[in-house]
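Novice: So that we are looking at the same thing, I have put the structure below in structure tokens.
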Amino acid sequence: MPVLFPHSAPASGAAPATARRLIACFCADWCDTCRAYLPALEALSEKYPEDCFAWIDIEDQPEFLGDVDVENFPTLLVMEGTRTIFFGPMLPHIGHLDRLLAQPPADANVSHDLPDVRALLQQAVEAS
């Protein structure tokens, strides 16, 4: 499954609304760490085709963050259905995210003040 870029959402692929999990990477185009992380995230998306991976540039798509500030990159959001499994910065080593995704589903629902990222991504897909 290719990584979804909301500003140029593809017409095909797993829709954010129906994917098993949503993995959103909040990044910035000017960030060297983000640019280096993207190929690894794209490769990891192939390992988990039932999930929706999204690349959200916080400067081009600030509506995905609402009033939440991202200060460290990459900052990741992992949702299963409506439950947030993880939200926060993660070291830019794709193995950390891979291990998180390989775990059985967590019972926790992490609290955050983000807008409905899954719905915003779905709207981007439908608008393309």
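The values are calculated or read from the model by the stated rules, or taken from the named source; none is laboratory data. Because the structure is predicted, anything quoted here is derived from the model rather than measured. Note: accessible area is taken over every heavy atom of the protein model, side chains too, but ligands, DNA and RNA are not part of it. Shrake-Rupley method; radii C 1.70, N 1.55, O 1.52, S 1.80 Å.
Novice: Divide by every residue of the chain the summed helix terms, -39500 (n - 2.57) for each DSSP H run of at least 4, and state the resulting mean residue ellipticity at 222 nm, rounded to the nearest 500 deg cm²/dmol. Don't jump to the answer; show the numbers that get you there.
Specialist: Working: 3 runs with 36 residues, N = 128.
It comes out at -8500 deg cm²/dmol, rounded to the nearest 500.
Novice: For the chain, what D do you get in µm² per second when you plug the Kirkwood radius from alpha-carbon pairs into Stokes-Einstein at 25 °C and 0.890 mPa s? Could you put the intermediate results ahead of the total?
Specialist: Values: Rh = 14.5 Å.
In µm²/s, the coefficient rounds to 170.
Novice: Next question. Over the stretch 74-128, with the other protein chains present, what is the accessible area per residue in square angstrom, probe 1.4 angstrom? All intermediate terms of the calculation are to be shown ahead of the outcome.
Specialist: Values: 2990 Å² over 55 residues.
Accessible area per residue: 54 Å².
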